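See structure below.
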Amino acid sequence: MKLCPACRQELPEISRYCSQCGQRLHADAVEPPPPPPRRVEPPANRLNVEVLYGMVATLSLAIIFPPWETPTSQAPEFLGLHFILNPPTPDAIVSRLLLTIELVTIAIAGLYGSFLFRQKP
């Protein structure tokens with residue numbers, strides 16, 4: 001039998017608390033710490049597919065209507081955006097530098113826009 005340190009009530013050996021006053025009997029025993037709270041993962045955000053479709057459409061239009069410039073034998077001049085099969089002048093060439101800049105800019109803007117306007121579940 002155990003004695004309660006507060007009220008001197010006799011208690012069985014298996015008691016952890018006094019049934020008379022509620023005092024804890026095993027002050028030296030340490031309870032295991034509570035389990036850590038479960039980490040809740042935020043739901044995965046999905047990219048906005050409509051913006052990606054718009055990016056693909058804009059990239060297609062940029063290829064169909066490329067930037068034209070004068071041939072290398074003439075002074076450099078931007079001739080505008082014309083249909084790929086209908087150049088502004090017979091000797092005009094597609095500006096590869098301007099087309100590359102245009103395509104990369106559209107792709108980066110489309111990916112950034114689809115991330116910026118992503119759908120949250």
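Observations on the model:
- Built amide H within the under 5 Å cut-off of LEU79, gap 5+: TRP68, GLU69, THR70
- Interchain or long-range residues, amide H under 5 Å from LYS2's placed H: LEU11, GLU13
- The phi-based Karplus calculation (6.51 cos²θ - 1.76 cosθ + 1.60; θ = phi - 60°) puts the 3J(HN,Hα) values of the stretch 72-77 at 5, 6, 10, 5, x, 8 Hz, whole numbers, x for Gly and Pro.
- For the chain, size of Cβ-based charge dipole, Lys and Arg +1, Asp and Glu -1, in debye: 820 debye
- The chain: relative contact order as a whole-number percent, Cα under 8 Å and 6+ apart: 24 percent
- Percent accessible area from carbon and sulfur atoms, the chain, protein chains only, probe 1.4 Å: 64 percent
- Positive-end ranking of ASN45, PHE65, PRO90 along the dipole of the chain, with charges on Cβ about the Cα centre, is headed by ASN45.
- For the chain, alpha-carbon Rg relative to the globular expectation (2.2 N^0.38 Å, N residues): 2.80
- Surface analysis of the chain yields an accessible area of 79 Å² per residue, using protein heavy atoms and a 1.4 Å probe.
- In degrees, nearest ten, helix 49-64 long axis to first principal axis of the chain (Cα): 20 degrees
The values are calculated or read from the model by the stated rules, or taken from the named source; none is laboratory data. As the structure is a prediction and not an experimental result, all values here were calculated from the model. Note: ideal-geometry Cβ built from the backbone for every residue, glycine included; neighbour counts use all protein chains shown. What goes into the accessible areas is simple: the full protein's heavy atoms, side chains included, and nothing from ligands, DNA or RNA. Shrake-Rupley method; radii C 1.70, N 1.55, O 1.52, S 1.80 Å.
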